[in-house]
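So the structure is just underneath, and the comments pick up after that.
The values are calculated or read from the model by the stated rules, or taken from the named source; none is laboratory data. Worth saying up front: this structure is predicted, and the values here are computed from it rather than measured. Quick reminder, even Gly has a Cβ in these numbers, built from the backbone with ideal geometry, and neighbours come from all protein chains shown. Surface accessibility is based on the protein's heavy atoms, side chains included, excluding ligands, DNA and RNA. Shrake-Rupley method; radii C 1.70, N 1.55, O 1.52, S 1.80 Å.
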Amino acid sequence: MRKIDYIKYFRIPFKEKGRDFNGVDCYGLVFLFLKEEFGIVMPDYLELDYKIGTLGKDGKKYIERYEKDKPILSIYNKVDPPPKPFDILVFKNVAGIATHIAIYIGNNKILHTIRNRNPSITEYNNFWKNRLYGIFRIKELERE
């Protein structure tokens with residue numbers, strides 16, 4: 001398995017819609033991690049007017065952006081559990097809406113950030129497993 005220096009991610013402050021080492025939100029951390037470690041560039045979604053934990057003010061914008069991004073989004077497959085290292089994990093809230101994203105790093109651990117906290121590695125325990133919305137595997141990383 002690839003050796004990753006996770007410490008550099010722990011120092012990044014939380015910043016809503018952040019996508020670089022100056023600050024990240026949960027999606028921004030996944031975006032930055034994949035870009036830095038594997039050269040994979042995901043859509044940044046910075047133009048969308050959303051608030052943390054919501055679908056945004058105008059759900060139609062998400063649908064339009066998704067349609068535009070289909071070629072980019074074809075770089076991954078939705079897979080069944082258990083996750084493998086560097087899979088993207090998407091979590092839902094109690095209403096069943098996807099509201100959080102993380103990177104599975106192996107050994108039952110995830111790299112993620114939550115509001116107003118720096119990124120960290122957390123146990124992928126029942127709290128997270130019970131909220132799992134989906135596991136997405138980047139096709140290019142299936143051989144890692």
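Return the total of residues in the range 130-143 being within 15 Å of the chain's Cα centre (by Cα) and open to solvent by 40 Å² or more (accessible area, probe 1.4 Å).
Of the residues in that region, 2 qualify.
Looking at the range 83-129, which of its residues are among the polar types (S, T, N, Q), surrounded by 18 or more Cβ atoms within 10 Å (Cβ to Cβ) and touching a Pro at 6+ places or on another chain (Cβ under 8 Å)?
T113
Output yes when any residue across the range 52-71 is open to solvent by 70 Å² or more (accessible area, probe 1.4 Å), more than 16 Å from the chain's Cα centre (by Cα) and modelled with pLDDT of 70 or more, and no when none is.
The answer is no; no qualifying residue exists.
Exactly one condition in (1) modelled with pLDDT of 90 or more; (2) surrounded by 17 or more Cβ atoms within 10 Å (Cβ to Cβ) is false for F38; which is it?
With (1) modelled with pLDDT of 90 or more; (2) surrounded by 17 or more Cβ atoms within 10 Å (Cβ to Cβ) applied to F38, the lone miss is (2).
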